[in-house]
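To start, the structure itself, in structure tokens.
The values are calculated or read from the model by the stated rules, or taken from the named source; none is laboratory data. Every value quoted in this text rests on a predicted model; they were computed, and no experiment measured them. Here the Cβ positions follow ideal geometry from the backbone for every residue, glycine too, while neighbour counts run over all protein chains shown.
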Amino acid sequence: MIGAILGDIIGSPYEFDQGNKSKDFPLFSERSTFTDDTVMTLAVAQGILDAGKNADDETVRQSIIRSMRELGRRYPNAGYGGQFRWWLRSHDPQPYNSWGNGSAMRVSSAGWLFDDLEDVLRAAKLSAEVTHNHPEGIKGAQATAAATFLARTGHSKAEIKSYIEDTFHYDLSRTCDEIRPTYRHVESCQETVPEAITAFLEGNSFEDVIRTAVSLGGDCDTLTAIAGSIAEGFYGVPENLRTECPARLPEDLRAIVERAAGQSSLTEL
């Protein structure tokens with residue numbers, strides 16, 4: 001989960017195509033900050049933990065809704081989209097058939113908190129459909145969580161690529177060099193998740209995956225949060241970057257990271 005948060009923080013200055021589409025950039029600057037990607041990543045983690053890993057579907061959904069609304073209202077200026085802001089304020093929050101990449105940006109804890117792929121896919125679906133109940137919104141969340149789970153459980157990149165292509169039918173045939181020239185800010189799962197997975201597949205270390213994702217441009221914080229989640233599972237996070245995560249989060253958000261780390265079957269989140 002730290003990989004997703006670091007991806008968000010590192011990608012944040014370059015969102016809305018503000019980067020130069022290069023892998024040569026400072027990882028942190030005065031503009032590097034957590035955004036809605038981090039807040040909602042931690043909200044989903046908190047919701048799953050509050051419900052309990054063996055809770056029924058409706059209990060998990062309601063717990064995630066409560067957590068997302070709690071943290072979303074606590075951090076109202078984190079950068080939410082218009083429909084999601086409406087959902088946060090609504091007296092009767094209902095899913096709004098979104099296929100946006102918000103479902104994928106916030107799902108990484110599902111890949112860490114469960115030890116069976118079917119449980120991961122179930123949790124990812126539940127976390128998505130409280131808002132993003134369009135099939136593409138659910139698919140993007142499930143693909144991200146599955147890739148994270150497979151990465152952290154010892155599968156090769158070839159195996160991860162094959163599973164994502166066969167199960168979710170994403171096109172992972174393009175290279176980053178082919179994607180980069182025409183890629184622009186877009187907020188759909190369909191045009192974010194495959195690109196993020198491709199950045200992971202091409203990167204040769206955690207940091208290189210992060211730099212590769214940022215170099216594509218577009219919705220950089222979300223793209224890099226997704227890629228960072230998978231990269232953490234595969235490579236782990238170098239200690240010099242790991243220490244940057246709590247240093248850039250307020251105490252209440254750090255506490256959720258620590259709680260989730262204590263509940264994971266692995267020590268790294």
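Can you confirm whether Ala55 is within 24 Å of Asp115 (Cβ to Cβ), of a type in the set (Gly, Ala, Ser) and surrounded by 13 or more Cβ atoms within 10 Å (Cβ to Cβ)? Criteria met by Ala55. Residues that are of a type in the set (Gly, Ala, Ser) and modelled with pLDDT under 95 do not occur anywhere in region 93-101.
Among the residues examined, Tyr183 qualifies as among the aromatic types (Phe, Trp, Tyr), in contact with a helix residue (DSSP H, G or I) (Cβ under 9 Å, 6 or more places away or on another chain), touching a residue at least 12 places away in the same chain (Cβ under 8 Å) and more than 26 Å from Leu113 (Cα to Cα). Name the single residue that is surrounded by the most Cβ atoms within 10 Å (Cβ to Cβ) among those in region 13-37 being touching a Lys or Arg at 6+ places or on another chain (Cβ under 9 Å) and closer than 18 Å to Thr243 by Cβ. Among those that are touching a Lys or Arg at 6+ places or on another chain (Cβ under 9 Å) and closer than 18 Å to Thr243 by Cβ, it is Phe34. Looking at Tyr96, Tyr80, just one residue is in a loop (DSSP other than H, G, I, E, B), touching a residue at least 40 places away in the same chain (Cβ under 8 Å) and not charged (D, E, K, R), and that residue is Tyr80. Restricting attention to region 168-194, the residues that are more than 23 Å from Ser98 (Cβ to Cβ) and touching a strand residue (DSSP E or B) at 6+ places or on another chain (Cβ under 8 Å) add up to 0. For Ile164, the conditions (1) under 20 Å from Ile5 (Cβ atoms); (2) among the β-branched types (Val, Ile, Thr); (3) part of a helix (DSSP H, G or I) all hold with the exception of (1).
Note on region 1-54: residues that are at positive phi and either without any contact (Cβ under 8 Å) to a residue 40 or more places away in the chain or part of a helix (DSSP H, G or I) (or both) amount to 1.
In region 188-201, is there at least one residue being among the hydrophobic types (A, V, I, L, M, F, W, C), touching a residue at least 40 places away in the same chain (Cβ under 8 Å) and in a loop (DSSP other than H, G, I, E, B)?
Yes, the conditions are met somewhere in region 188-201.
Cβ-Cβ below 9 Å, separation at least six or inter-chain, first residue in region 225-253 and within 18 Å of Lys157 (Cα to Cα), second assigned to a loop (DSSP other than H, G, I, E, B) and among the hydroxyl-bearing types (Ser, Thr, Tyr): which pairs? Close Cβ pairs (under 9 Å, with a partner that is assigned to a loop (DSSP other than H, G, I, E, B) and among the hydroxyl-bearing types (Ser, Thr, Tyr)) amount to Ile226/Thr192; Ala231/Ser205; Gly233/Thr153; Tyr235/Ser205.
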